[in-house]
1. Only one of 262, 222 is modelled with pLDDT of 75 or more, closer than 30 Å to residue 168 by Cα and not assigned by TED's automatic domain parsing to the domain that holds residue 168; which?
2. Please work out which residue is surrounded by the fewest Cβ atoms within 10 Å (Cβ to Cβ), limiting yourself to region 178-194 and to residues that are in contact with a strand residue (DSSP E or B) (Cβ under 8 Å, 6 or more places away or on another chain) and part of a helix (DSSP H, G or I).
3. Quick check on region 200-210. Is at least one of its residues modelled with pLDDT of 90 or more and exposed (fewer than 12 other Cβ atoms within 10 Å of the Cβ)?
4. Which strands (runs of 3 or more DSSP E) sit wholly inside region 1-93 and have at least 2 residues that are exposed (fewer than 15 other Cβ atoms within 10 Å of the Cβ) and either at pLDDT 75 or above or in contact with a strand residue (DSSP E or B) (Cβ under 6 Å, 6 or more places away or on another chain) (or both)?
5. State whether the residues of region 154-162 include one that is part of a helix (DSSP H, G or I), exposed (fewer than 15 other Cβ atoms within 10 Å of the Cβ) and under 28 Å from the mean Cα position of the chain (by Cα).
6. Quick check on region 104-112. Is at least one of its residues under 51 Å from the mean Cα position of the chain (by Cα), modelled with pLDDT of 80 or more and more than 21 Å from residue 138 (Cα to Cα)?
């Protein structure tokens, strides 16, 4: 009986040892395979070995897209970084949580004071990419929070040198560009490994308590611009009309002048020809011209009877 129990026990131990070896081998394979990882086309990766960056040069520190191998997970830590992905964060430090809803505590909800001592609420959106994965991975714990602080600070600084009308209208694009450039300079100086690709001021408005007054000022500005445009159009139309009338009057005067000059020259030529004939034979010319002129007058007057008289000049009797 004892021998049989010993044999059974021996067989059980053999099975345990056999499967334990298989289990250990299988676990060893799994641990070894845990170091195999894949880097997507939009990513790169860095490996930390016991918290220290592996690789002696930047080229070796960065793992390119494809299958890569690292030591087991309890030795190496693989960090994948989406360098090709454009990331967005919304900046609401200077904007009330509910939009421009009236609040009794403006300071708590955030605002920006402009250069002409007006208050505006600004909501912004920034887009950025990671351009230095090593710096971004090792030295930044919360990139979005740091970028929020930098952008918010630059918004406050630049807006404090601008007037509210410019910020709300034509100066909006310039404000975005200045914030982006100044923020990028600070990011580069701090070596955050981030490149800002755009700053969009999604909403700029006045606090609800002052919106009515801003609207009145804006409407007045629109009315002024509209009135000025209408006045300019009216002046332009009046000037064009006056120029057209002046041109027509000038053309008419020139035409009249030409006609009168032609008539005057014709009469002068006729007179000169008559004068030459008069110089040669004054009596005939006087008599003929006299009859011609008188006949023309009488023709206009109607029928007439001419009675010669003994004395000069003759007497004309009209009916």
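1. Numbers: 262 fails: closer than 30 Å to residue 168 by Cα.
Checking each option against the conditions leaves just 222.
2. So in region 178-194, the residues in contact with a strand residue (DSSP E or B) (Cβ under 8 Å, 6 or more places away or on another chain) come out as 179-180, 183-184, 187, 193-194.
Keeping just the survivors that are part of a helix (DSSP H, G or I) gives 179-180, 183-184, 187.
Values: 179: 27, 180: 20, 183: 23, 184: 18, 187: 21.
In this case the residue turns out to be 184.
3. No, there is no match, as no residue in region 200-210 is modelled with pLDDT of 90 or more and exposed (fewer than 12 other Cβ atoms within 10 Å of the Cβ).
4. Working: elements: 36-39, 44-49, 66-69, 76-81.
Hits in region 1-93: 36-39, 66-69.
5. Yes.
6. As a first pass, look at region 104-112 and keep what is under 51 Å from the mean Cα position of the chain (by Cα): 104-112.
This time we only want the ones that are modelled with pLDDT of 80 or more, so: 111-112.
Pick out the ones that are also more than 21 Å from residue 138 (Cα to Cα) and you get 111-112.
There is at least one residue in region 104-112 that is under 51 Å from the mean Cα position of the chain (by Cα), modelled with pLDDT of 80 or more and more than 21 Å from residue 138 (Cα to Cα).
The values are calculated or read from the model by the stated rules, or taken from the named source; none is laboratory data. On a predicted model such as this, the values are computed, not experimentally measured, just so you know. With ideal geometry, Cβ positions are generated from the backbone for all residues, glycine too; neighbour counts draw on all protein chains shown.
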